[in-house]
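Just below is one structure, and these are the notes that go with it.
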There are 4 protein chains.
Amino acid sequence: MPALNKMRKKKDQYKEVEALKVTQEIRIRFNETDPLGIVWHGNYITYFEDGREAFGREHGITYLDVHASGYTTPIVKSECEHKLPLRYGDVARIETTIVDTPAAKMIFRYKIFDANNSLACSGETIQVFVDANGDLSLNMPDFFEEWRRKVGLPT
Amino acid sequence: MPALNKMRKKKDQYKEVEALKVTQEIRIRFNETDPLGIVWHGNYITYFEDGREAFGREHGITYLDVHASGYTTPIVKSECEHKLPLRYGDVARIETTIVDTPAAKMIFRYKIFDANNSLACSGETIQVFVDANGDLSLNMPDFFEEWRRKVGLPT
Amino acid sequence: MPALNKMRKKKDQYKEVEALKVTQEIRIRFNETDPLGIVWHGNYITYFEDGREAFGREHGITYLDVHASGYTTPIVKSECEHKLPLRYGDVARIETTIVDTPAAKMIFRYKIFDANNSLACSGETIQVFVDANGDLSLNMPDFFEEWRRKVGLPT
Amino acid sequence: MPALNKMRKKKDQYKEVEALKVTQEIRIRFNETDPLGIVWHGNYITYFEDGREAFGREHGITYLDVHASGYTTPIVKSECEHKLPLRYGDVARIETTIVDTPAAKMIFRYKIFDANNSLACSGETIQVFVDANGDLSLNMPDFFEEWRRKVGLPT
């Protein structure tokens, strides 16, 4: 019943895959904060990268893994929403997960929680696959399909 | 005819105010580029700030002007879309303008063009007004209403 | 025999206090590397700060501890020597220790070792004490003398 | 009289070449300042690079010029002394010049002046020449000798 399967898949599309969620601790550096004493908003993009890297190490899909497969995955969009400030010395945690999409993209979502477990920041990045010739992949690369299978995502 | 006026205003809401657009040149620094030889995506947030600051200097609404009025304007959301890479040594230009909104917010939009005049990146930031007590302003602060009048925005 | 004591002290002055050495692991971020694929030299100053902070947490002399005593400790000099490059994904370690000096200064020395235990970088920072009025302390502040006693440095 | 010539050269060695000095204006960014409201000390390394790049553009010896000659010039040492703080919004100027040395090195010196023309920071960077094979040049590369001739330095 491929139609049913398709329906199921459609329903789950663009959902965060909770089972793959990876948590990473970060400690706010002095030079990441601004004259207001709070983290300068642009630095959250670095924290997102910390989260994405932790995800990659945990699930075998770091930048270097991707590169070894002959691809780069430039970020084409990033988004960041700030709820609460983080301050110098704070220990926060980033929860990172991937979004299940049939598109030839890697979509990560991030949530950063402060020491009180309150949501400080959430965000998303979208990456595309570019092959060794510098061409954009319109289809999922084989290595990524294989990775999806390995971690239990529908392919 | 206030109703008509309201209609006109509604139609223009959330539109970029072209008349206020400010252009700023940037030169890509070596340490803003990554091992792929292109600007690391998070650095565009700094360029947006460069554009917003140039806008502020041109139109009398810099961070320091705002601060002198007793407010800070933390960024609550930022968004960035990448179309083309920028490289070390490139001279790019940022076009920054404000979005006309009746909300108690400052919304800026950014377009970064490369030396060939192609769109490399576009984005948006949203700022709210926080008063000297640390409270979020639900209404536009007086100083901002006055500024809107001064630059010809409807109030 | 105060003269002898003075001699002993003089001999030890400006020596690194090995007993207080603190080791901190760092993981090289993608955005800390440059188009040559190696850490951009300016980022080592951040690593030194990571080391100094780890030292402060271990020995009760963080920036916040100092601040609580009514002082700030601006850096007046920093120095960095590069021996070997570090690359994205490398896990390095920073060894930080304080230098025993009779001057009203905090002098830290740093050594960063790569995964093969080879010295990648060494450096030094010098900080002075500035009191709540913004004045430079010509003598060691009481809180620092007390800290020196606590960790076993001659006072 | 080669001996005399040598003597003259020796006397001038390790001197800053005033005639080649290049001045570059910088505007202090919000995100370059820290919770004390002053530029975080590590950011001066970026300003030094801004100065070095301005020097390179003026005198035809940018990173890209060097690269086109088949060399890279990694920084092996940097040093930075802070005299006065710079703050957000300050417009400062960097004076950069090269040091005349017979060694196979590029040594730059930097002075950063605040808006009152007071010295805020001074520093030095030392670069070596690494050829396309990754080997350190023990002698000045031809392209650099040629450049020295062009700008009037003894060769």
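The values are calculated or read from the model by the stated rules, or taken from the named source; none is laboratory data. Everything quoted here is computed from the prediction, not taken from an experiment. Cβ: placed from backbone, ideal geometry, glycine included. Neighbour counts: every protein chain shown.
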| said: Please go through the range D:113-137 and give me each residue that is modelled with pLDDT of 95 or more and among the aliphatic types (A, V, I, L, M), ordered by number. | reply: D:Ala115, D:Leu119, D:Ala120, D:Ile126, D:Val128, D:Val130, D:Leu136
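Which ones in the range C:63-93 are of a type outside the set (Asp, Glu) and farther than 28 Å from C:Ser118 by Cα? Before the answer, list the steps.
So the first thing to find is which residues in the range C:63-93 are of a type outside the set (Asp, Glu), and the list is C:63-64, C:66-78, C:80, C:82-89, C:91-93.
C:Tyr63, C:Leu64, C:Val66, C:His67, C:Ala68, C:Ser69, C:Gly70, C:Tyr71, C:Thr72, C:Thr73, C:Pro74, C:Val76, listed by residue number.
Got a number for residues in the range A:64-86 being closer than 27 Å to A:Thr33 by Cβ and surrounded by 16 or more Cβ atoms within 10 Å (Cβ to Cβ)?
Keep residues of the range A:64-86 that are closer than 27 Å to A:Thr33 by Cβ, which gives A:75, A:77-86.
After this cut, where a residue has to be surrounded by 16 or more Cβ atoms within 10 Å (Cβ to Cβ) as well, the list is A:75, A:77-82, A:85-86.
Here the count works out to 9.
For the range B:110-119, indicate whether the set of residues that are in contact (Cβ under 8 Å) with a residue 60 or more places away in the chain and hydroxyl-bearing (Ser, Thr, Tyr) is non-empty.
So far as the range B:110-119 goes, yes, one or more of its residues are in contact (Cβ under 8 Å) with a residue 60 or more places away in the chain and hydroxyl-bearing (Ser, Thr, Tyr).
So which residues in the range A:142-153 are touching a helix residue (DSSP H, G or I) at 6+ places or on another chain (Cβ under 9 Å) and surrounded by 13 or more Cβ atoms within 10 Å (Cβ to Cβ)? So that I can check it myself, show each step before the final result.
Initial filter on the range A:142-153 (touching a helix residue (DSSP H, G or I) at 6+ places or on another chain (Cβ under 9 Å)): A:143-144, A:147, A:150-153.
Of everything in the range A:142-153, those that are touching a helix residue (DSSP H, G or I) at 6+ places or on another chain (Cβ under 9 Å) and surrounded by 13 or more Cβ atoms within 10 Å (Cβ to Cβ) turn out to be A:Phe143, A:Phe144, A:Trp147, A:Val151, A:Leu153.
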| said: I'm trying to understand the selection: among the residues of the range B:123-144, which are more than 17 Å from the chain's Cα centre (by Cα) and among the charged types (D, E, K, R)? | reply: B:Asp131, B:Asp135, B:Asp142
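Run down B:Ile75, B:Ile126, B:Ile98 and say which single residue is more than 14 Å from chain A (Cβ to nearest Cβ) and of a type in the set (Val, Ile, Thr).
Working: B:Ile75 fails: more than 14 Å from chain A (Cβ to nearest Cβ); B:Ile126 fails: more than 14 Å from chain A (Cβ to nearest Cβ).
Just one listed residue meets the conditions, B:Ile98.
Could you grab me the full set of residues in the range C:93-132 that are in contact with a strand residue (DSSP E or B) (Cβ under 8 Å, 6 or more places away or on another chain), within 26 Å of C:Phe30 (Cα to Cα) and surrounded by fewer than 21 Cβ atoms within 10 Å (Cβ to Cβ)? Write out each step before concluding.
Residues of the range C:93-132 that are in contact with a strand residue (DSSP E or B) (Cβ under 8 Å, 6 or more places away or on another chain), as a first pass: C:93-101, C:104-115, C:119-130.
Now drop any that are not within 26 Å of C:Phe30 (Cα to Cα), which leaves C:93-96, C:109-115, C:119-125.
Residues satisfying the conditions are C:Arg93, C:Glu95, C:Arg109, C:Lys111, C:Phe113, C:Asp114, C:Ala115, C:Leu119, C:Ser122, C:Glu124.
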| query | Can you name every residue in the range C:39-81 that is in contact with a strand residue (DSSP E or B) (Cβ under 9 Å, 6 or more places away or on another chain) and charged (D, E, K, R)? | reply | C:Glu49, C:Asp50, C:Arg52, C:Glu53, C:Arg57, C:Glu58, C:Lys77, C:Glu79, C:Glu81
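Does B:Lys83 meet the test of being farther than 21 Å from A:His82 by Cβ, over 11 Å from the mean Cα position of the chain (by Cα) and of a type in the set (D, E, K, R)?
yes
Hey, any hits in the range D:64-85 for a residue that's under 16 Å from D:Thr23 (Cα atoms) and either at pLDDT below 95 or of a type in the set (Val, Ile, Thr) (or both)?
Step one: of the range D:64-85, the residues under 16 Å from D:Thr23 (Cα atoms) are none.
Scanning the range D:64-85, I find no residue that is under 16 Å from D:Thr23 (Cα atoms) and either at pLDDT below 95 or of a type in the set (Val, Ile, Thr) (or both), so the answer is no.
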| request: Output the residue which, of all residues in the range B:115-155 that are assigned to a loop (DSSP other than H, G, I, E, B) and polar (S, T, N, Q), is farthest from A:Glu81 (Cα to Cα). | output: B:Asn116
| request: Name the residue, out of C:Ala54, C:Ala92, that is touching a Leu at 6+ places or on another chain (Cβ under 9 Å) and closer than 30 Å to A:Thr62 by Cα. | output: C:Ala92
| task | Determine whether the range A:55-62 contains at least one residue that is closer than 22 Å to A:Ser137 by Cα and modelled with pLDDT under 95. | result | yes
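If you check B:Arg93 against the conditions, is it over 26 Å from A:Asp135 (Cβ atoms), more than 14 Å from chain A (Cβ to nearest Cβ) and in contact (Cβ under 8 Å) with a residue 24 or more places away in the chain?
Values: over 26 Å from A:Asp135 (Cβ atoms): yes; more than 14 Å from chain A (Cβ to nearest Cβ): yes; in contact (Cβ under 8 Å) with a residue 24 or more places away in the chain: yes.
It is true that B:Arg93 is over 26 Å from A:Asp135 (Cβ atoms), more than 14 Å from chain A (Cβ to nearest Cβ) and in contact (Cβ under 8 Å) with a residue 24 or more places away in the chain.
State the number of residues belonging to the range C:30-63 that are among the small types (Gly, Ala, Ser) and at the interface with chain D (Cβ under 9 Å from one of its Cβ atoms). Give the derivation first.
Step one: of the range C:30-63, the residues among the small types (Gly, Ala, Ser) are C:37, C:42, C:51, C:54, C:56, C:60.
Within this subset, residues satisfying the condition of being at the interface with chain D (Cβ under 9 Å from one of its Cβ atoms) are C:42.
Number satisfying all stated conditions: 1.
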| message | For the range B:69-78, check the following and say yes or no: at least one residue is touching a residue at least 40 places away in the same chain (Cβ under 8 Å) and basic (Lys, Arg). | response | yes
